[in-house]
Amino acid sequence: MNKSGPFQPLDAHDRKILEILQKDNGTPQREIGAAINLSAPAVQRRIKRMEESGIIQANVAIIDPASVGQSITIFVEVEVISETADRIEDAKRAFASAPEIQQCYYVTGEADFVLVIVVPTMADYEALTRRLFFGNNNVKRFRTFVAMDRVKVGLTVPVG
């Protein structure tokens, strides 16, 4: 999401900064500068510019879901009945507002949405399905896939 006009092109220093921050967002700016031959203030200016332009969208902690009692990860394909713009926007809002839904994608193909959900128990997932799917007259069908193992999880974007 771009906050202030078009993205400015990224140079090699910007890309190296992004690579470092994606591995550890807590890396001190002086360490980043030393690694890429820039001063800490120059690194700070570049990070601020990338934050203001929306290239860096958030600074967050990544939490292990199981350690906070959210041990079940579920992927759900959702097919809707009506694909009018208003109905699609309604679905996007409903999915975006559910705290159990970590990610929501509006997709092409047989399904209209793919959701990534974390819940503590299957009973909690069943309650969510009643609220979001069975209680929504625009949901035609949904298909559930329960993750057996978290093999790779991340949001790192290749910037090289």
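The values are calculated or read from the model by the stated rules, or taken from the named source; none is laboratory data. All figures in this text were calculated on a predicted structure; none of them were measured in a lab. Using ideal geometry, Cβ is built from the backbone for each residue, glycine included, and neighbour counts are taken over all protein chains shown. Only protein heavy atoms, including side chains, enter the accessible area calculation; ligands, DNA and RNA are left aside. Shrake-Rupley method; radii C 1.70, N 1.55, O 1.52, S 1.80 Å.
Summary of values
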read-out: Neighbour count of at most 16 Cβ within 10 Å plus DSSP loop: longest GluC sites (Glu not before Pro)-free window in the chain; value: 1-82
read-out: Restraint check, LYS48/LYS152; LYS48/LYS92; LYS23/LYS48, Cα-Cα greater than 22 Å; value: LYS48/LYS152; LYS48/LYS92
read-out: Accessible surface of the stretch 1-154, 1.4 Å probe, proportion on carbon and sulfur as whole %; value: 54 percent
read-out: The stretch 21-127: radius of gyration and largest Cα-Cα distance (Dmax), Å; value: 19.5, 56
read-out: Whole-Å semi-axes of the stretch 81-145's equivalent ellipsoid (Cα gyration tensor); value: 19, 12, 12
read-out: Relative contact order (%) - criterion: Cα under 8 Å, at least six apart; region: the chain; value: 25 percent
read-out: Rounded to 5, percent antiparallel among DSSP beta bridges of the stretch 1-130; value: 100 percent
read-out: Low-density loop positions, chymotrypsin sites (Phe, Trp or Tyr not before Pro), the stretch 1-108 - DSSP coil, at most 13 other Cβ in 10 Å; value: PHE7
read-out: PHE145 versus LYS92: modelled label distance in nm, points set 7 Å from Cα along the beta carbon direction; value: 2.4 nm
